[in-house]
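> Starting off with a structure, shown below.
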Amino acid sequence: MTTADLLRDLVHLPSVNPMGRAVSGPIYFENRVTDYLDAYFCKLGVKFERQPVAPQRENIVARYDAESACTIVFEVHQDTVPVDGMVVDPFGGNVRDGKLYGRGACDVKGGMAAMLTSFARLVRERPAGAANVILACTVDEEHTFLGVQRLTTGLVANAAIVAEPTQLKIVHAHTGVVRWTIQTPGRSCHSSRPDRGVNAVYRMATVLNAFQRYADQLQRSRTDPLLGSPTISVGRIEGGLSVNTVPDFCRVEVDRRLLPGEEGLDARRDCRDFLLRQTDVDVPFTFTDPWLTCPALPPCPSPELLQRLGDAIDSTIGSHEQEAVPYGTDASTLALAGIPSVVFGPGDIAQAHTADEWIELSEIDQAAEVLFRFARSF
């Protein structure tokens, strides 16, 4: 099976993360991809296990035993973001001009196809000098990172490569993230007599004016030589029941990007304390506990990992680059568990989550070759 065929199969199988929304239907959750991988590993004849994480959501973890003293992890997530607003068939897997289109093609089923291909080649060829390889396909990376948290329980390895679209560059550091909700209460009434109620949206407007000052101050507060300044953003707002009712609630969802060394709870507390000190914020508001926390990935502490992967890239495409990026991945959770980790894969992050998501098929073949050469270099 070619990497293109493998990727087309994966894109055909919806694995949409609900992202906390109250939705249902046949496109949601990862179970269809997990079943496909189950059959793939059965046919390959390797040991694997399914790790229950949540209803209809299981990690699937396969193992290649080379009887080596070194074990490496290839990690890739099964879920995708929603398909709302897409202008191509999200599950079509159509190919045009060397590109395959569909939800997850770039983020990150192209990377999964590369890892599956290299893993299968290791199993078939059993090259001398190869490391033991754990191929972990996890769930819920796009929302709350539940899969990788389950994976790291008891996991022991010498290094890990996490698949994300990096244009075949080595990402050796990235920001983390913490997310929480701010709420303002109100009192509802008919909109024809708004003076009889308390408008929660107006209250939230007062909070957000001060929040913007905090965001500006935060960006000026400090900087990291690789990752720049910390950032904070409001990405979603909702409130009220109908246009003719004064709203009795308003809530916003906050996204705070973390630098190495920052803790999510500390970042949330700092924002709350700032708002409480503002004299113009004379309205009640509450902060929920964080519903997502993912640490930053500090610069990779393993020169050997960077060297071996760099050599594998050089021998495949001629040269390589290392970079730090402002988004989060499962690599930071693996690193926190004591496994030196980097991020690597085919595709461009600029194409991730887009309305016409696609990936260059040639990059998937190159990534598969890089991963195979890396695994056999031990």
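> If you build a Gaussian network model of the chain, linking Cα atoms that sit under 10 Å apart, which residue out of VAL198, VAL33, VAL53 swings the most?
Ranking VAL198, VAL33, VAL53 by mean-square fluctuation puts VAL198 first.
> Suppose the chain between GLU323 and ASP65 were pulled fully straight at 0.36 nm per residue; how much longer would it get relative to their current alpha carbon spacing?
That pair, GLU323 and ASP65, stretches by 89.7 nm at full extension.
> Follow-up question, since we're still on this one. What relative contact order, as a whole-number percentage, does the chain give when Cα pairs under 8 Å and 6 or more residues apart are counted?
24
> Compute the helix-to-body angle for 361-376: its Cα long axis versus the longest principal axis of the chain, expressed 0 to 90° and rounded to tens.
70
> Using only the alpha-carbon atoms, how far is helix 264-277 inclined from the longest principal axis of the chain? Give it as 0 to 90 degrees, nearest 10.
Relative to the chain, helix 264-277 is tipped by roughly 20 degrees.
> Find the centroid of the Cα atoms in region 281-320 and in region 6-46, then give the distance between the two in whole Å.
So the two Cα centres are separated by 25 Å.
> Rounded to the nearest 500 deg cm²/dmol, what is the calculated helix-only ellipticity per residue at 222 nm for the chain, with -39500 (n - 2.57) per DSSP H run of length n ≥ 4?
Per the formula, -10000 deg cm²/dmol.
> To continue, here is another question. Taking +1 at the Cβ of each Lys and Arg and -1 at the Cβ of each Asp and Glu, which of TRP180, GLN322, GLY102 sits farthest along the dipole of the chain towards its positive end, judged by Cα position relative to the Cα centre?
The residue sitting most towards the positive pole is TRP180.
> Which of THR279, THR117 comes first, and how do the rest follow, when ranked by fewest Cβ neighbours within 10 Å?
Taking fewest neighbouring Cβ atoms as first place, the list is THR279, THR117.
> At 0.36 nm per residue, and after removing the present C-alpha to C-alpha distance, how many nm does the segment from GLN51 to GLN217 gain when stretched out fully?
55.4 nm
> Right, something else. Viscosity 1.306 mPa s, temperature 10 °C: what is the translational diffusion coefficient of region 11-84 from Stokes-Einstein with a Kirkwood Rh over Cα pairs, rounded to a whole number of µm²/s?
115
> Looking at the P(r) of region 176-294, how many percent of alpha-carbon pairs lie beyond 16 Å?
62
> Could you tell me the center-to-center distance, by alpha carbons, between region 106-169 and region 217-272 in angstrom?
The distance from the Cα centre of region 106-169 to that of region 217-272 comes to 31 Å.
> Which of SER233, SER341, SER24 ends up with the largest GNM mean-square fluctuation for the chain, with Cα atoms connected below 10 Å?
Of SER233, SER341, SER24, the most mobile in the Gaussian network model is SER24.
> Follow-up question, since we're still on this one. Assuming R0 = 30 Å, can you tell me the calculated FRET efficiency for the pair GLU238 and HIS12, based on Cβ-Cβ distance, to the nearest 0.05?
0.35
> Work from the charge dipole of the chain (Cβ charges, +1 for Lys and Arg, -1 for Asp and Glu, about the Cα centre) and give the residue of TYR28, ALA352, VAL243 farthest towards its positive end.
The Cα lying farthest towards the positive end belongs to VAL243.
> Bin all alpha-carbon pair distances of the chain at 10 Å intervals from 0 and give each bin's fraction as a whole percent.
Once binned at 10 Å, the Cα pair distances of the chain give 5, 22, 29, 23, 12, 6, 2, 0.
> Of all beta bridges DSSP finds with both residues in the chain, what is the antiparallel percent, to the nearest 5?
Roughly 70 percent of the DSSP beta bridges within the chain come out antiparallel.
> Under a point-charge model restricted to the Cβ atoms of Lys and Arg (+1) and Asp and Glu (-1), what is the dipole moment magnitude of region 309-376 relative to its Cα centre, in debye to the nearest 20?
Its charge dipole is roughly 360 debye.
> Enumerate by residue number the GluC sites (Glu not before Pro) in region 23-126 meeting two conditions: DSSP loop (anything except H, G, I, E, B), and at most 13 other Cβ atoms within 10 Å of the site's Cβ.
When the GluC sites (Glu not before Pro) of region 23-126 are filtered for loop state and at most 13 Cβ neighbours within 10 Å, GLU67 remain.
> Within a Cβ distance under 11 Å of LEU361, other residues only, what is the Lys/Arg minus Asp/Glu net charge?
-2
> Next question, about the same structure. Run the quick spin-label model on ARG21 and ASP35: label points 7 Å from Cα toward the beta carbon, then report their separation in nm to one decimal.
Here the answer is 2.4 nm between the modelled labels.
> Could you work out the percent of alpha carbon pairs in region 122-170 separated by over 18 Å, rounded to a whole number?
49
> Also: With charges set only on the Cβ (+1 for Lys and Arg, -1 for Asp and Glu), what does the dipole of region 176-294 come to about its Cα centre, in debye to the nearest 20?
240
> With the alpha-carbon atoms as the only input, what is the per residue convex hull volume for region 115-207 in Å³?
With only Cα atoms used, region 115-207 gives 209 Å³ per residue.
> Identify all lysines with a Cα-Cα distance to LYS47 below 25 Å; exclude those on the same chain that are fewer than 8 residues away in sequence.
LYS109
> Still on this structure, I have one more. Return SER362, SER68, SER192 ranked ascending by Cβ neighbour count within 10 Å, so the fewest neighbours appear first.
SER192, SER362, SER68
> Taking other Cβ within 10 Å of each residue's Cβ, how do LEU44, LEU100 sort, fewest first?
Ranked by crowding around the Cβ, least crowded first: LEU44, LEU100.
> So, R0 is 45 Å and r is the distance between the beta-carbons of THR245 and ALA350; what FRET efficiency does that work out to, to 0.05?
0.60
> For helix 31-44, report the angle its Cα long axis makes with the longest principal axis of the Cα atoms of the chain; keep it between 0 and 90° and round to the nearest 10°.
Orientation of helix 31-44: about 10 degrees from the principal axis.
> What nm value, rounded to one decimal, do you get for the distance between ARG96 and PHE287 when each label is placed 7 Å out toward the C-beta?
4.7
> I would also like to ask the following. Taking 0.36 nm per residue of sequence separation and subtracting the Cα-Cα distance, how much length would be gained by fully extending the chain between ASP255 and SER315, in nm to one decimal?
Length difference between fully extended and current span is 17.6 nm.
> Ok, one more. For the chain, set up a GNM with springs between Cα atoms under 10 Å and report which of SER315, SER118, SER191 has the largest fluctuation.
SER191
> For region 55-180, what does the relative contact order come out to in percent, with C-alpha contacts under 8 Å and a separation of six or more?
Over region 55-180, the number comes to 43 percent.
> Using a Förster distance of 25 angstrom, determine the FRET efficiency expected from the C-beta separation of ARG269 and ALA205, and round it to 0.05.
Using R0 = 25 Å, I get an efficiency of 0.60.
> Separation between the THR279 and ASP5 pseudo-spin-labels, each 7 Å from Cα along Cα→Cβ, expressed in nm?
7.3
Values in this text are rule-based calculations from the coordinates and carry no lab data. Predicted model, so just to flag it, every value in this text is computed and none were measured. So basically every Cβ, Gly included, is an ideal-geometry build from the backbone, and we count neighbours across all protein chains shown.
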